[in-house]
Amino acid sequence: MKASEEEYRLNFFIKNDFKRKICKSCKTPFWTRNEKKEYCSDIPCTDYYFFDINIKSPPLTVKEAREKFLSFFEKRGHTRIPPKPVLARWREDLYLTIASIVDFQPHVTSGLVPPPANPLVVSQPSIRLEDIDNVGITFGRHLTTFEMAAHHAFNYPDHYVYWKDETAAYATEFFTKELGIPEEELNFKESWWEGGGNAGPCLEVTVGGLELATLVFMQYKITDNGEYTPLKLKIVDTGYGVERISWITQKTPSAFHAIYGNLVYKFFNKIGVAYIDETLLKVASRFAGKIDPDNPETIKIHRQMVSNELGIDIKTVKEELDKAAKVFQILDHTKTIMLMLADGLVPSNSGEGYLGRLVIRRALRVLRLLKSDVRLYELVKEQIDFWKEDFPQVLKNKDYVLDAIELEQQRFEKILEKVPSIASTLARKSEITTEDLIQVYDSNGVPPDLLEEELKKKKNVKFELPRNFYALVAKRHQTSTIKNPYDKVKLPKDLLEYVGALQPTEKLYYKDQYMRSFEGKVLGVYKNYLILDKTAFYPEGGGQLGDTGIIIDEKGDKRYEVVDTQKVNDVIVHILKEEPLTIKVGDNVRGEINWERRYRLMRHHTVTHVILAAAKKVLGEHVWQAGAEKTPEKGRLDITHHKTLTEEEVKLIENYANNVISDRRPVKPLEMNRMEAEMKYGVSIYEGGVPNSATIRLLEIKDWDIESCGGTHVSNTSEIGAVKIINVERIQDGVIRLEYVAGPALVDYIREAEAKISEASKIIGASPDQLTSRLKRILSEIEEKNNLIIQYRKIIETELLNNLKPYEINGNKIYIIEGLSDEEENKEILRKLTSADNVIAISISDNRLQIATSKNMRVDKIVEEFLKAGGKGGGKGTFANIILSSKKSKEEIIEVVRKSL
């Protein structure tokens, strides 16, 4: 969609003598007070000429630029709010925080909940990976991590805050008065913005070739069929580049110098790359606007321009700038990695973990290309020391961050051992496509440029390395599909239509979680499905199974068994074992839940929260709930963690949990506005999922844990009784499963364990008290006998090998062995016999043959002849198993072998 000219013709521009011009290069309209200006002052229409502009502001670090922006808007009535994590865990469709507006989508922007303040100001660390392959090449125009400083205003139909004119006025005042940029250098370029299902006209603020801010006026919703419908809210969504503000005031040779200061020189030194001449770098940055990373020719042109300007040979220019670009990539990537992991990302093969691993492996790949032996964690450690005051979480979670990175590097180094074999497999294709390379990366983790050297050795293989490979891969994994809420409903489609017309069910289990029976009015009867106006039956959700029990008809004559309870939106459906023939719409019925089963579920649900918080305390803040299930028999919690748990860690988690249980802590549900809850407790409240409602239900375990939860719980941790973790396993990359029992289920577990101990004791003829010592003695005796068996085997082998006479056929020796029943002994003799060249050894046991050959021979033809003779089986290489239709003599077997030779 293209906005009309009137969308941009602001009263502010007219009153302040801004003129609308058309850029001679890109033909885009822009507003300026400089009547002589012919270009929009954005690249590639101009070079970076901000180096030559007289800016009154002193040089600002990133921290100082951030504070200047926040203070400016705070003084002008905006409430400063803290940034959210770089992991967008309050969103179900997005893994990374890519802009400040993401903080408020979809619930604030849709009008479901009010913003935390209005207007507000924030500086939001953001991560975008679509330009990851361009980082460094453009000397700072592209970054994977950046801070988006933003002021937002949310205009409701009945509450106007401010709109376009005020937003343009704020930008003008900030850049000209606060930073001291000459007014004639300030430009507002007309553009259009879309993102997160919203859209609107925008103005890009450009100065000296550098885009410093984007002012978005969000006023449309994009429907599923691509149409634009007006929003009830009109939202001011701005984004000021903190790093670019720092760069334009410092005028350093590259944006990386402005962002990282002395860290730039440290990285060159630690990586082992000689520092680049700053004059060369500054000239390269000045002309960087000419670079289109997607067009390699523009990079060649850029290098030639630098060479001509400085009188340096093109080869030196290329080598120096290429090396510097790689160091800049490491600077950028290590900060991104630090922020990701410090906010709780666990590298893995899926979801947000996939994106984290992608950045880590790209950084490792660049270090390898630079032939550097520095460990990646050493560089990230430097980043932590540099940014610890700006982002306190990086210091708090330092140990986890560094440990996870070193583990990832070790895994990457093991993967590299596969490169030759993977390249050989790929080379079977005459042409290797980008899709082939992506599949290899997804399944094996091998970057394509590390395959390149091996593939070049192969003949007749067409192979082109995609320049934007990592961006292509990231694009496939940066979003998540929002699941249809009906996909999990265990109900037939015709029932869903029937239920859709019914009123919401009153949830008695929230009013009193200990309610065992109730009376309700029948709103719907459909086959064996029953809907009431109110119920104490909890429907399956949040990993907790639905309740069971009975429904008694109005007369009290008939009892119907409830085998499950499900929910469709706000309507609760009772699933009966049989059709309720004596119940009709309008009847009053009585419900009784299976209390013993429910109480077990409540205990297991509450202890799940206790264990999750205990795991965080033991393992670190990166632990996040990846799944959970609560049944009457046990609880299950899947958590994100980068390595297998030790016995000591499991014991500590268990001990912390039991201490909280014995501490008799109150467990209290509470309801709160979702934005208020986020601001007070953070996005960790969404561990169990993201509810789509203005008000969310939280569960608080006093001084231990608080998170969103719609399940049923005990009111005090002491009711759990005790908990025992009974199983711990790594179920997938980056995910650990804990299984545990509590309350009566723990008693059941102990009884089962006692029964097994008792049975084992009887088998070995010892009392339970003597079981351990008796087992040790038995194992010691077994070991002695095994050693004796090994000695006997050696005697038999020596005797057999000394007396065994071979048949000779065409210079090949054929050995026939009979009567060996010991499998291990049999293999060892075959191995020793075939250690020399031109040997075939055959072991016969009834009608079963084991055939082995020397390494310079193959079993294929021998197998083929035995199959012709009526045998079954097969083999490859130097070993085969054959089962004959009937037992054959030595001579008959030799004859078959003779035919194969």
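The values are calculated or read from the model by the stated rules, or taken from the named source; none is laboratory data. What you are looking at is a predicted structure, and each value in this text was computed from that prediction instead of being measured. Note that each Cβ is placed from the backbone with ideal geometry, even for glycine, and that neighbours are counted across all protein chains shown. Protein only, heavy atoms only, side chains kept; ligands, DNA and RNA dropped before computing areas. Shrake-Rupley method; radii C 1.70, N 1.55, O 1.52, S 1.80 Å.
Number of residues in the stretch 540-575 that are under 18 Å from residue 598 (Cβ atoms) and assigned to a loop (DSSP other than H, G, I, E, B) equals 7. If you go through the stretch 18-55 and keep only what is farther than 27 Å from residue 152 by Cα, open to solvent by 80 Å² or more (accessible area, probe 1.4 Å) and among the basic types (Lys, Arg), you end up with 24, 27, 36.
Taking residues in the stretch 398-415 that are touching a residue at least 60 places away in the same chain (Cβ under 8 Å) and closer than 18 Å to residue 645 by Cβ, and partners anywhere that are polar (S, T, N, Q) and assigned to a helix (DSSP H, G or I), not one pair has Cβ atoms closer than 9 Å while being at least 6 places apart or on different chains.
With respect to the conditions (1) over 19 Å from residue 498 (Cα atoms); (2) touching a Phe, Trp or Tyr at 6+ places or on another chain (Cβ under 9 Å); (3) of a type in the set (A, V, I, L, M), residue 568 falls short on a single one, namely (1).
Meeting the requirement of 2 or more residues that are of a type in the set (Ser, Thr, Tyr) and touching a strand residue (DSSP E or B) at 6+ places or on another chain (Cβ under 6 Å), the strands (runs of 3 or more DSSP E) wholly within the stretch 112-231 are 120-127, 210-222.
In the stretch 883-893, is there at least one residue being among the acidic types (Asp, Glu), without any contact (Cβ under 8 Å) to a residue 24 or more places away in the chain and within 21 Å of residue 827 (Cα to Cα)? Within the stretch 883-893 (the criterion being among the acidic types (Asp, Glu), without any contact (Cβ under 8 Å) to a residue 24 or more places away in the chain and within 21 Å of residue 827 (Cα to Cα)), the answer is no, since none of the residues qualifies. Scan the stretch 659-678 for residues that are under 19 Å from residue 612 (Cα atoms), touching a residue at least 24 places away in the same chain (Cβ under 8 Å), assigned to a helix (DSSP H, G or I) and open to solvent by 50 Å² or more (accessible area, probe 1.4 Å) and jot them down. 662 - this is the single residue of the stretch 659-678 that is under 19 Å from residue 612 (Cα atoms), touching a residue at least 24 places away in the same chain (Cβ under 8 Å), assigned to a helix (DSSP H, G or I) and open to solvent by 50 Å² or more (accessible area, probe 1.4 Å). Restricted to the stretch 281-324, and to residues that are among the hydrophobic types (A, V, I, L, M, F, W, C) and touching a Ser or Thr at 6+ places or on another chain (Cβ under 9 Å), which residue is farthest from residue 269 (Cα to Cα)? Only one residue tops the list, namely 291. Can you tell me which residue is farthest from residue 638 (Cα to Cα) among those in the stretch 725-777 that are among the basic types (Lys, Arg) and crowded, with 16+ Cβ neighbours inside 10 Å? Here the residue is 774.
Please specify each residue of the stretch 510-542 satisfying the condition of being touching a residue at least 40 places away in the same chain (Cβ under 8 Å), under 37 Å from the mean Cα position of the chain (by Cα) and buried (at least 22 other Cβ atoms within 10 Å of the Cβ). Within the stretch 510-542, 537, 538 meet the criteria.
On inspection, residue 616 qualifies as open to solvent by 20 Å² or more (accessible area, probe 1.4 Å) and over 17 Å from residue 91 (Cα atoms). Residue 885 meets all of the listed conditions (1) within 12 Å of residue 815 (Cβ to Cβ); (2) modelled with pLDDT under 85 but one, namely (1).
Counting only residues that are among the charged types (D, E, K, R) and buried (at least 16 other Cβ atoms within 10 Å of the Cβ), which one in the stretch 78-89 is modelled with the lowest pLDDT? If we take residues in the stretch 78-89 being among the charged types (D, E, K, R) and buried (at least 16 other Cβ atoms within 10 Å of the Cβ), then 89 is modelled with the lowest pLDDT. For the stretch 621-651, filtered to residues that are in a helix (DSSP H, G or I) and in contact with a Leu (Cβ under 9 Å, 6 or more places away or on another chain), the residue that is least open to solvent (accessible area, probe 1.4 Å) is 650.
Taken over the stretch 241-296, the criterion of being open to solvent by 30 Å² or more (accessible area, probe 1.4 Å), closer than 16 Å to residue 208 by Cα and outside any helix (DSSP H, G or I) is satisfied by 251 alone. Only residues that are open to solvent by less than 40 Å² (accessible area, probe 1.4 Å) and over 15 Å from residue 374 (Cα atoms) were counted in the stretch 390-414, giving 7.
When 856, 881 are checked against the criterion of being exposed (fewer than 13 other Cβ atoms within 10 Å of the Cβ) and of a type outside the set (D, E, K, R), a single residue qualifies: 856. In the stretch 850-869, the condition of being more than 15 Å from residue 809 (Cβ to Cβ), part of a strand (DSSP E or B) and basic (Lys, Arg) is met by no residue. The residue of the stretch 490-504 that is most open to solvent (accessible area, probe 1.4 Å), among those that are outside any loop (DSSP other than H, G, I, E, B) and aliphatic (A, V, I, L, M), is 496.
Of all residues in the stretch 7-17, those satisfying the criterion of being under 16 Å from residue 163 (Cβ atoms) and open to solvent by 60 Å² or more (accessible area, probe 1.4 Å) are 9, 11, 14, 15. A count restricted to the stretch 355-414 and to residues that are assigned to a helix (DSSP H, G or I) and more than 16 Å from residue 266 (Cα to Cα) stands at 36.
When you go through 805, 827, 813, 832 one by one, which is the residue that is without any contact (Cβ under 8 Å) to a residue 60 or more places away in the chain and assigned to a loop (DSSP other than H, G, I, E, B)? The conditions single out 805.
Of the residues that make up the stretch 61-77, is at least one on the phi < 0 side of the Ramachandran plot, among the β-branched types (Val, Ile, Thr) and surrounded by fewer than 18 Cβ atoms within 10 Å (Cβ to Cβ)? Within the stretch 61-77 (the criterion being on the phi < 0 side of the Ramachandran plot, among the β-branched types (Val, Ile, Thr) and surrounded by fewer than 18 Cβ atoms within 10 Å (Cβ to Cβ)), the answer is yes, since at least one residue qualifies. Considering the stretch 589-620, the residues that are assigned to a helix (DSSP H, G or I) and of a type in the set (Lys, Arg) include one that is nearest to residue 668 (Cα to Cα), namely 603. Considering the stretch 442-464, and only residues there that are hydrophobic (A, V, I, L, M, F, W, C) and either under 17 Å from residue 416 (Cβ atoms) or in a helix (DSSP H, G or I) (or both), the residue that is most open to solvent (accessible area, probe 1.4 Å) turns out to be 450.
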